[in-house]
Amino acid sequence: MKKIILFVLINLLFTASAQGLSWAYPFVVWDGNVYEVTDEEVSENDIEKEIGQVKTIPNDMTGDYYGNASNAFPKGTKYYKINNSKTDLTIAVEVKKNHWNKAIYSHDAPFHWMNLLVKVLPFLGVGLVVFLLFVFLAKLKKKVTFKANI
């Protein structure tokens with residue numbers, strides 16, 4: 001009997017459990033803002049221009065996300081500006097081809113270190129190229145000056 005109880009306890013201790021996050025509402029993240037996607041449809045006449053798209057999906061276990069993310073729509077889902085509406089209040093999300101739903105600003109997206117990396121990396125890349133170009137031109141000038149002195 002003691003062996004059975006010990007066996008059950010060990011199984012309970014080491015049994016892997018599957019769990020996932022349950023989201024309160026479908027959302028999209030654009031430009032550091034979280035928008036709750038509603039069932040309210042937006043007509044094609046009210047769609048102005050594309051402003052972005054889903055690029056990342058939140059982690060199902062931790063709920064962490066960064067950049068333009070969504071918990072309900074796949075990567076590539078496009079966001080649009082709505083005529084006569086500020087994007088810091090509402091945007092349109094293409095829920096299926098030529099069908100858009102209104103998304104209403106909910107809150108600012110939480111900080112994630114990848115947001116910083118994604119925003120800073122292009123500037124670091126340009127800075128590195130400019131620095132390497134400067135070093136190359138300085139060496140080239142030194143070489144030309146040295147040959148002119150000979």
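With respect to the conditions (1) at pLDDT below 95; (2) within 24 Å of F111 (Cβ to Cβ), V37 falls short on a single one, namely (1). Determine if region 89-107 includes at least one residue that is farther than 12 Å from V42 by Cβ, in a loop (DSSP other than H, G, I, E, B) and under 16 Å from the mean Cα position of the chain (by Cα). Scanning region 89-107 turns up no residue that is farther than 12 Å from V42 by Cβ, in a loop (DSSP other than H, G, I, E, B) and under 16 Å from the mean Cα position of the chain (by Cα). From the list G63, G67, G20, the one residue that fits, being at pLDDT below 90 and in contact with a Lys or Arg (Cβ under 7 Å, 6 or more places away or on another chain), is G67.
Listed by first and then second residue, the pairs linking a residue in region 50-65 that is under 15 Å from W30 (Cβ atoms) to a residue that is loosely packed, with under 12 Cβ neighbours inside 10 Å and small (G, A, S), with Cβ atoms under 6 Å apart and 6 or more places separating them unless they lie on different chains, are Q53/G76.
One residue alone among G52, G76, G63 is assigned to a loop (DSSP other than H, G, I, E, B), of a type in the set (G, A, S), in the same structural domain as N98 (by TED's automatic domain parsing) and more than 17 Å from H107 (Cβ to Cβ), and that residue is G76. Do we find that T77 is surrounded by 13 or more Cβ atoms within 10 Å (Cβ to Cβ), among the polar types (S, T, N, Q) and touching a Gly at 6+ places or on another chain (Cβ under 6 Å) in this structure? In short, no.
The values are calculated or read from the model by the stated rules, or taken from the named source; none is laboratory data. For clarity, every value in this text was computed on a predicted model and none was experimentally measured. Note: ideal-geometry Cβ built from the backbone for every residue, glycine included; neighbour counts use all protein chains shown.
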